Structures are given as structure tokens and as C-alpha cells.
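Quick notes on the structure that follows.
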Amino acid sequence: MYDRMQELTVQQMEKIHNASMDLLKNTGVAFNDEEGLEIFRSNGFKVEGSIVFFEEEQVKKALETAPRRFTVHARNPEKSVKIGEDDFVFLPGYGAPFVMDAQGNQRQATMEDYDNFCKLIQTSPYIDMNGWMMVEPADMPHDTVHMDLSLSNMLLCDKPFMGSPVSKQGALDGIEMAGILFGGKENIMDKTVSVSLINSLSPLQFADEMIGSLIELSRHNQAVVVASLIMAGGSGPVTLDGVLALQNAEILAGITLTQLVRPGAPVIYGSTSSAMDMKTGALSIGAPELSKNIHLVAQMARFYNLPARSGGGLTDSLCADAQAGVESALALSTAARSGINFILHSCGILGSYIAMSFEKFLVDEETCGLVRSMLKPLALTDESIDLDVIKEVGIGGQYLTHPKTFQLCRTEFFMPQLYSRKNPDAWIKDGKKSIDMIAEDKVAQRLATYEKPEIDPAIEKELTEYVEKRKNA
């Protein structure tokens, strides 16, 4: 296979691995959680205070039990997905505190916004999984909002979903609710029904809430993404070479813990590291360094026989303009083409994670469809080549009215719903609308036609009562 982006040699990947092993053995990683430290101690790891030191054989033993591919089960079995090897999924944006409207006005996100994103995901032909915390609702109590988000995920959408990693209790709440959804917690102990995001605290640390969540999720066989987001030149080395070694050490440390908790627990190798803008000190996720890191992360994950995670439709732009389109399409297509299996932030993100946009969600969503169509391989069979038709039309003929064209004209090519292919006269007659203006109209239409997926009323009642009881505890 030929690609002008850098393909690491085995020797180069081993060099990154060896540098990470040096860091893990001689510098160590801080785990700010006593239960996590005790798990390491009881498995023979050297622990000094909150710092854990890793021998290469200990890491390799953990990697041997981590699955290279697994299924995330949906409450609608037809929508279950596989993650790993050649299988990949698109997911929405994550963690934005604000919503940006089509006019460029920024406001705090609400629970209604979160519900509306769940509805768009449910009706999406291209987004495979529901996310978690697409936005952070400012109108809900901080201590309990994680349950409201999980409840919306479970009731408003029947696709697989991401789970709550906000704290150990937050993870347990998500596990209890998933147990209710699937007819009993015992039914999910060997059945992965959620994926949660566990971020390191660079350089070389994990916060207590992340470790508490990781332990409970792994213990209950729920998948985790162990991810590192390093700002090159800020929270990590200024070179991407150094970033690769540092983030690899952090990710391997977290993955090792998952396998100590439960050998075989599903885990994903993840990173969205990028460059710090040296003029502002801010993280740039529209930078080419992000896409370079995505491409290299996919290769390192394969080096360890693990599924990979990165970001998708990411941009520094604060509106759904040409900059947003270019930056998002480059990152998204790089992730898909490079072999990333879990493509988070595929749609909706603006301004380096600061905001979600309903309009950009739809634009990015269509880009996901375009990318998936681009990656679909040709059949290259006698039937698909169809020499008989080519000979029948012959020299100087036309295919427009041929029966084969009529047969396949609606299914053979990607058909955009937002991207314009109109001629100038038709475009002018339609009001000279740009894609963000078209998307603004489509958002209202999509939400108006949303239908809540069916769910057993007894399960919905039990889920709702669980949340209310926990809130009042």
C-alpha cells in the first residue's frame, strides 16, 4: 500500500516502545488513587508513594490479554457495533461547555441541547454510536448530571452509547443503569454495552476520578479508551517524536491497569495530542500536527494489536466556515484512512472543544458519509465490470439511458443531502444559501421528524426511578 504520510518501520516503532519502557521503568507514572496503587502492589509492581514503576515484561503480559476486537451491544441488537481490526465507528463531539449557533452566538449548553443531540444521533445514517457529554448542561446540578446524560442516552437513542467516567460513583451509576437497561447487571458482566473515555493527566499522571472509573468499568467488563491529550510544547515535548514516546507510556500504563483488574477487559489505545499554538498558548486541534499524530497513533495501536481511538471532525474555527470544513475533513479522513477504530468527535465540535454546533454536526455527519463511501472497496467482479454493457454501447455511444444506469443510478454513487451540486441559476434562485444556512434549516426538520425508539415501559420506569432515588439520596 502506498501513502505519502509516514509509515513507521518496525525499528521506529520499537524505538518509540523502548523510549516509553525507559520512562515507565525509571520515571514511573503517578496514580492518584489508593485502590489503583494497591492493585499494582498486589501484582508485584514497584510502588513508591503514588508513583508506579513498570517492567517491560509486566506491560507485555497485560497486552497479551487485551482483546484486539470486541462488540459493543446496543439495546437494539441490529445496531450493535464491532470495534477493532478493520471495523470502525463514528461518534459525536464530546465535552463542550457551550453551543454555538449559526450566527456565531455562543451560549451555555442546556439539557435540552443534550437531548437534541441524542435525537440527531438516533436519526443519523452515518453516526454509529451515541456519545457522552456532547455538551455540558449548565442548567443541571453538577453532582448528578451524569445520570441525566446517561438516561437520555438510553431512552432517546437505541444505538450503543458511551458511559460516564466522571468518578468512581459516576461509573457505578452508569453500570447500574446499564444493568437495568439490559435486564439485570449480571447480563452485562460478560457483555460490553458501553465505552468510556479515561484521560491521562499529562505528563505521566492519572487523576483519582479517572482511575476510580477505570477500575469499576474494567471490573464490570465495560470498555474504556485510555487516552492521552498532550499539548506539544506545553504539557509534553515540543517535538512529535517526544510526544509519541510520552503518550505511549501514559497509555500503556493505563491499559496495564485494566488488565490487572480484569484480564480480557476491552480497552482502546487513544490519543488526540496536538501542537500548542506558540502565539497564544492554546491547544490547536486544527493543526496538521493533529492529523500526523492520528496517523502515527493508529500504527502504534496496531503494533500492540489494540483498537485505536482518535479525534475526527476537529477544528479551531468558531463557526461552520471554510476553515472548519478543511480542518475537520483532514482530521476525519486521516483517522478513517489510517485505521482508527473509534473516531470520537466526528461531528459538531467548534473552537478547540469549546462549543458544539448543531449546524456543524450535520455538515460533519455528511462528511462521515462521504468518507465511508470513499473507503468502500470496489467489487471488481465480472458482474461489476460488465463488459457486455460496454461492448453493447460501443464506440461513441451513451450510457445515460441504458437500463443498467437506471437500475443503479440511486445506489451506486454517494448522494449528498447538504453539499450543493446546483448550477449557478438554481443556487441563486434558492437564495444563495451556504452549507451552514442549509444545515440550519435541516436541523429543525430532523428534530421535527424524530421518533423516540420503543422501550419496555417497565425498564424506562425503573431507570427513571433509579435516577430520582440517587438524586434524593
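Rule-based calculations on the coordinates, nothing more; no lab input. What you see is a predicted model, and the numbers here were worked out from it, not measured in a lab. Quick reminder, even Gly has a Cβ in these numbers, built from the backbone with ideal geometry, and neighbours come from all protein chains shown.
Here are a few things to note about the model shown:
- Structural descriptor for segment 10-63: relative contact order 35 percent, calculated from alpha carbon pairs under 8 angstrom and at least 6 residues apart.
- Averaging the Cα positions of each part gives two centres, and for segment 122-200 and segment 223-250 these lie 27 Å apart.
- Taking Cα centre as origin and charging only the Cβ of basic (Lys, Arg, +1) and acidic (Asp, Glu, -1) residues, the dipole magnitude of segment 66-375 rounds to 920 debye.
- Footprinting exposure proxy for Cys118, Cys409 (fewest neighbouring C-beta atoms within 10 Å first): Cys409, Cys118
- Placing unit charges on the Cβ atoms only, positive for Lys and Arg and negative for Asp and Glu, gives segment 343-419 a dipole magnitude near 140 debye about its Cα centre.
- Neighbourhood net charge (11 Å Cβ-Cβ; Lys/Arg +1, Asp/Glu -1) for Ile294: +2
- Cα centroid separation, segment 400-437 to segment 76-92 (Å): 29
- The simple spin-label model puts a point 7 Å past each Cα toward its Cβ; for Arg470 and Asp441 those points are separated by 4.2 nm.
- Using only the C-alpha atoms, the convex hull of the chain corresponds to 178 Å³ per residue.
- Among residues other than Lys471 with Cβ under 11 Å from its Cβ, the summed charge is -3 (Lys and Arg +1, Asp and Glu -1).
- Lys/Arg +1, Asp/Glu -1 at C-beta; segment 313-452 dipole; positive extreme among Leu344, Val363, Met374: Val363
- With the convex hull drawn around the C-alpha atoms of segment 10-63, the volume per residue stands at 77 Å³.
- When the listed pairs Lys119/Lys191; Lys119/Lys442; Lys119/Lys433; Lys15/Lys60; Lys185/Lys461; Lys159/Lys292 are checked against a 19 Å cut-off, the alpha-carbon distance exceeds it for Lys119/Lys191; Lys119/Lys433; Lys159/Lys292.
- Based on C-alpha pairs under 8 angstrom that are at least 6 apart in sequence, segment 19-111 has a relative contact order of 16 percent.
- Each peptide in 301-307, 80-86, 453-459 gets a packing score, the mean of other Cβ atoms within 10 Å over its residues, and the list from highest to lowest is 301-307, 80-86, 453-459.
- Kyte-Doolittle mean at least 0.5 and Cα axial length at least 30 Å: DSSP H helices in the chain: 240-261
- From helices alone, the chain scores -14000 deg cm²/dmol at 222 nm; the rule is -39500 (n - 2.57) for each run of n ≥ 4 DSSP H residues, then divide by the residue total.
- Across the chain, Cα pairs under 8 Å and at least six residues apart give a relative contact order of 17 percent.
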